[in-house]
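Presented below is the structure to which this report refers.
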Amino acid sequence: MKRRLVMFMLILLLVTSVLALFPGEKVYACSCVESNVQERLKSYATVFTGEVVKKGESQQSKHDGLLREYTFDVDTAWKGVYAKKMKIIGSDGGSDSCGVEFEKNQSYLIFAYQYEVDHKLHTNLCSGNVLMEQAGDDLKLLGAGKVVSKEDFGETSDGGRSGPVYLILYGTVILLAALAVVWFWRRKKRI
């Protein structure tokens, strides 16, 4: 019995020593897939440059941790801009949890995606947002965007399309299509 216990202890010591000598890769809470600016332009719903004019309070979300709403005064748009002032929701948990923080009166190149849960525009650390002073190479690769003014759009946007309005619209279209199919089917049956 003592011999088995000693063997078990030696094997455990050997395994522990090997693991200590050859540690695995470092694990980070937030890991981002690298992408270039053209890939981000294709995959994100909204791409623009703008200045932060309003920084909301950090709020706890049921599903997504801390979030903060930022309002940007859009200067130049490449994709998905619906208003001169766009509202973007940022993850607010710090870089450990892919959070971002934008400073008021600073300008940024922004990449935002439309979140299915609340139909609003969201962004995080992995989106590739960058201060304008550091965006030179990205802006060259993006090419000329469209300069945005109040006359082009309305004054503000909530950063997304209204979910219930689209559900009603799509539901009505589907219902009308179904009624048309039934009507044609009954008409064909009579003939």
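The values are calculated or read from the model by the stated rules, or taken from the named source; none is laboratory data. Owing to the predicted nature of the structure, the values given are computational and were not obtained by experimental measurement. Please note: Cβ atoms are built from the backbone with ideal geometry, for glycine as well, and neighbour counts cover all protein chains shown.
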Point to revise | Failed condition for Ile168, given (1) of a type in the set (A, V, I, L, M); (2) part of a helix (DSSP H, G or I); (3) at pLDDT 75 or above | key: (3)
Review point. For the range 42-70, how many residues meet the condition of being exposed (fewer than 14 other Cβ atoms within 10 Å of the Cβ) and in contact with a Leu (Cβ under 9 Å, 6 or more places away or on another chain)?
Key: 3
Revision key, fill the gap. Counting only residues in the range 94-151 that are surrounded by 11 or more Cβ atoms within 10 Å (Cβ to Cβ), among the small types (Gly, Ala, Ser) and touching a strand residue (DSSP E or B) at 6+ places or on another chain (Cβ under 8 Å), the one farthest from Lys79 (Cα to Cα) is identified as Ser97
Review point. Among the residues of the range 76-121 satisfying the criterion of being in a loop (DSSP other than H, G, I, E, B), in contact with a Leu (Cβ under 7 Å, 6 or more places away or on another chain) and of a type outside the set (Asp, Glu), which is modelled with the highest pLDDT?
Key: Gln106
